[in-house]
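Encoded as structure tokens, the structure appears first; notes follow it.
The values are calculated or read from the model by the stated rules, or taken from the named source; none is laboratory data. Computed from a predicted structure; not experimentally measured. Every residue, glycine among them, receives a Cβ derived from its backbone with ideal geometry; neighbour counts consider all protein chains shown.
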Amino acid sequence: MANVEMATFETAVEKLCADWESDVTKRIDQAQVAVNKLTDGLVSKMSALRVPLTNTEKGNVPRLTPARINELLKQHSASLKGTVDLDVTIQIDVKDGKMSVNGYGMGGSFYR
């Protein structure tokens, strides 16, 4: 009789653990979707910004380069480093002063 009770107990614990894992996985999936939407919003807002260029910069490489923009992004997301890492691919049209984000990559433990 003790073996049956122990088996029933173990089955109940296994179900609780499986339910917990399922719920946590759903929450992580929801959080990933939310972070992706926030990132899409960031990219959209960045693309809408005009790049201020001086007369000497028009047609030349601007001071605010794509590398500098990624550096700023990393500085302001330092607390997320290793958890959520974002790198954007940016192109600056030096004739028109327009910046476009051609894509982005996300990594970190949150996305494994």
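Can you name the residue in the range 48-58 that is surrounded by fewer than 15 Cβ atoms within 10 Å (Cβ to Cβ) and either within 14 Å of residue 93 (Cβ to Cβ) or hydrophobic (A, V, I, L, M, F, W, C) (or both) and, of all such residues, is modelled with the highest pLDDT? If you could, list the steps in order and put the result at the bottom.
Step one: of the range 48-58, the residues surrounded by fewer than 15 Cβ atoms within 10 Å (Cβ to Cβ) are 48-50, 52, 54-56, 58.
Now drop any that are not either within 14 Å of residue 93 (Cβ to Cβ) or hydrophobic (A, V, I, L, M, F, W, C) (or both), which leaves 48-50, 52, 58.
On the way: 48: 92, 49: 89, 50: 84, 52: 77, 58: 61.
Looking at residues that are surrounded by fewer than 15 Cβ atoms within 10 Å (Cβ to Cβ) and either within 14 Å of residue 93 (Cβ to Cβ) or hydrophobic (A, V, I, L, M, F, W, C) (or both), I get 48.
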- Query: Restricting the first residue to the range 4-18 and requiring it to be free of Cβ contacts under 8 Å to residues at least 60 places away in the same chain, which pairs with a second residue that is surrounded by 10 or more Cβ atoms within 10 Å (Cβ to Cβ) meet a Cβ separation below 9 Å and a spacing of at least six or different chains?
  - Reply: none
- Query: Any chance the range 12-20 includes a residue that's at pLDDT 95 or above and over 30 Å from residue 110 (Cβ atoms)?
  - Reply: yes
- Note on the structure: Residue set 68, 27; condition out of contact with any Leu (no Cβ under 6 Å at 6 or more places or on another chain), in a helix (DSSP H, G or I) and modelled with pLDDT under 90; output residue 68
